[in-house]
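Everything on this sheet refers to the single structure shown next.
Values quoted throughout were computed directly from the atomic coordinates according to the rules given, and no laboratory measurement underlies them. Predicted model, so just to flag it, every value in this text is computed and none were measured. Don't worry about glycine lacking a Cβ; one is built from the backbone with ideal geometry, like all the others, and counts go over all protein chains shown.
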Amino acid sequence: MTASPHRTAATDNPAPPAALAAPRPPVIAPPGAGGDLDHDAIAAGSVTFVDGADPAAIADARRHGRPVVANLGERPELAAAAVAAGADGLWLEGPGTAAAGQAREAAARVAPLVRSTVPDTVAGCRAAIDAVDAALATLLEHRVALAGRVQRLKPVGGHAGRDPRREAAIVAAMAERAPSLPPESLARVVTAIIEAGLDAAERDESGEPPVWRL
C-alpha cells in the first residue's frame with residue numbers, strides 16, 4: 001500500500017478546498033493528469049488521508065473533524081468502494097488521464113446513493129441533480145440488462161409476456177421509497193422504464209444482455 005501524502009500534525013488545519021463538499025468527491029491527481037484538483041491544491045493538514053478504501057479506517061478518520069481523502073495510489077478501481085465508504089476525495093498517484101476518468105466515473109455513479117447534499121444555490125442544485133442523473137442512468141442500464149435476461153428465460157417474452165400483477169407490485173414497492181410521488185405518477189414512470197427495456201431487448205440480436213459495469 002502506498003504511503004499517504006501530507007502527513008502533518010492535527011494542529012495544522014487550514015481550510016480544505018470547497019470541492020470536497022461537492023455532490024461528487026473530487027479526483028485529486030498529479031498536474032496535467034485530468035483530476036478535478038491537482039495535488040498541490042490540498043494544503044498540508046487540511047484533510048485526513050486514509051490509505052485505500054477500508055470503511056473502518058475512513059470512519060475512524062472522521063474523528064479528526066477534517067474531510068477524509070482516500071489515497072488510492074495507482075488503483076482507480078478502488079474509487080467506488082472508497083466513495084461508498086464515505087471518502088470526501090480520491091487521491092491518485094498515477095499520471096494517466098484514463099485513471100482519473102475511471103475514478104471520476106465511479107464516483108459519479110456511487111456518490112448520490114451515499115452522499116446527501118442540500119445545495120443552497122441554483123448551480124449547486126443542478127450539480128446535485130446531474131449527480132443523481134448519473135446514478136439513475138447507471139441503474140437503468142443495469143435494469144435493461146436484467147430485463148433482457150428475463151425475456152430469454154420467460155416462456156413468453158417481449159411485450160406479450162408482461163405481467164400486470166408484477167408491475168403493480170413494483171409500483172407499490174417504489175411508492176414506499178418515494179412517498180413524495182403519487183402512485184399514479186410512479187406507475188407512468190415504471191411503465192416507461194419497462195417498455196424501454198422491452199424495446200431494447202427486442203433490438204438486441206446478440207443473444208446476450210448488455211454488459212453492465214460500475
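Details
- Rg/Rh ratio calculated on Cα atoms of region 107-214 (Kirkwood radius): 1.03
- Nearest 10 degrees, 0 to 90: helix 122-153 Cα axis against the chain principal axis: 50 degrees
- Computed about the Cα centre, the dipole magnitude for the chain is approximately 560 debye when only Lys and Arg (+1) and Asp and Glu (-1) carry charge, each at its Cβ.
- Region 18-114, Cα convex hull volume normalised per residue, Å³: 77 Å³
- In degrees, nearest ten, helix 164-177 long axis to first principal axis of the chain (Cα): 30 degrees
- Per-peptide average of other Cβ atoms within 10 Å, ordering 189-197, 77-85, 157-165 highest first: 77-85, 189-197, 157-165
- For the chain: span of alpha carbons on each principal axis (Å, largest first): 66, 38, 31
- Computed over region 122-173, Cα set: Rg, Dmax in Å: 15.8, 49
- For region 155-207: Kirkwood Rh in Å [reciprocal of mean 1/r, alpha carbons]: 12.1 Å
- Peptides ranked, highest mean first, by Cβ atoms within 10 Å: ranges 107-113, 28-34: 107-113, 28-34
- Theoretical FRET efficiency, 1/(1+(r/R0)^6), r = Cβ-Cβ of A137 and H159, R0 35 Å, to 0.05: 0.90
- Percent of beta bridges antiparallel (DSSP, the chain, rounded to nearest 5): 0 percent
- Axis angle, to the nearest 10 degrees, between helix 97-114 and the longest C-alpha principal axis of the chain: 70 degrees.
- Inter-label distance for D120 and A21, nm, one decimal - labels placed 7 Å from Cα along Cα-to-Cβ: 0.8 nm
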